[in-house]
Amino acid sequence: MFKKVLVLLTVFSVAALAGAEVTYLVGSVTYQRGGVTKTASLGTELKSGDVVITGSRSRVELTFGDGSLTRLGSEARLTIERSAGGLGEATVVNCTGGRVWSNVTPFTNSDGAYVVTTPTASAAVRGTVFRTDIYPDTSTLLRVYEGSVEIWNPLMALEGPMFWETESSGGGDPDPGERHEVVGPHEVSGPVEVSEEEWENILIGQMSQVYITADGSVLDQMEFSADDELEDEWVEWNQERDEELGR
């Protein structure tokens, strides 16, 4: 029996505060702050707690303080949140639906993190370009275009991905602030279905994908080709936009 697994898509960066600016917008884009819905426009500054919502035939680009980019497609919903627990100072965004494109600036400071959460899976990246599609049934497709993404089961690896160092390397209880490398990822050949009890870390490399079902199980971890994206206007636009920005 599979249990539902919260998925954290964790991208390390130097940003310490959860804030962003709207740097591209088309169609209907609103944001909610303090229970009030406002219309977003170019230059709108977003803060922790803001919920960004795109309408039909709409899209928006958010730029964070370190230059990392997050783009939302039509009918998407994303909340800019703060980090909690052992994540330290971090930017946390929670996407509950729609398509998300992330182009993350390589991190230079291990104290920062950029975290994306969806209803059903978990991943960590360092200076990576990847796409996340959250379907109506809350299942999630993740495709990596550059770099690599570590997906982990947060119920089995509560410390986070392997480069979150949380325990003393000498054993025993860690001293405050002392850090060491926790368990690393392992590759899983695909397509394969893995139960919650069987997987802890999976490393997704460039031009690879993973699909997390609505019940939190891992299905279809495999490579994909550029030909698979030929008719996907969302992917084509994001790649053109990245090139235009010199990313």
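When segment 35-60 is examined, which residues are found to be within 21 Å of the chain's Cα centre (by Cα) and of a type in the set (Val, Ile, Thr)?
Val51, Val52, Ile53, Thr54, Val60
Taking strands (runs of 3 or more DSSP E) that do not extend beyond segment 178-245, which have at least 3 residues that are closer than 28 Å to Leu69 by Cβ and modelled with pLDDT of 85 or more?
It comes to 208-212.
I'm told Asp66 meets every condition in (1) surrounded by 13 or more Cβ atoms within 10 Å (Cβ to Cβ); (2) more than 17 Å from the chain's Cα centre (by Cα) except one. Can you identify the failing condition by its number?
(2)
Output yes when any residue across segment 45-53 is over 30 Å from Val218 (Cβ atoms), of a type in the set (Gly, Ala, Ser) and modelled with pLDDT of 95 or more, and no when none is.
There is no residue in segment 45-53 that is over 30 Å from Val218 (Cβ atoms), of a type in the set (Gly, Ala, Ser) and modelled with pLDDT of 95 or more.
I need the full set of residues from segment 77-122 which are of a type in the set (Gly, Ala, Ser), at pLDDT below 65 and outside any loop (DSSP other than H, G, I, E, B), in order please.
Listed by number, the residues that qualify are Gly85, Gly86.
The values are calculated or read from the model by the stated rules, or taken from the named source; none is laboratory data. All of these numbers come straight from a predicted model, not from anything done at the bench. As a convention, Cβ positions derive from the backbone with ideal geometry for all residues, glycine included, and neighbour counts pool all protein chains shown.
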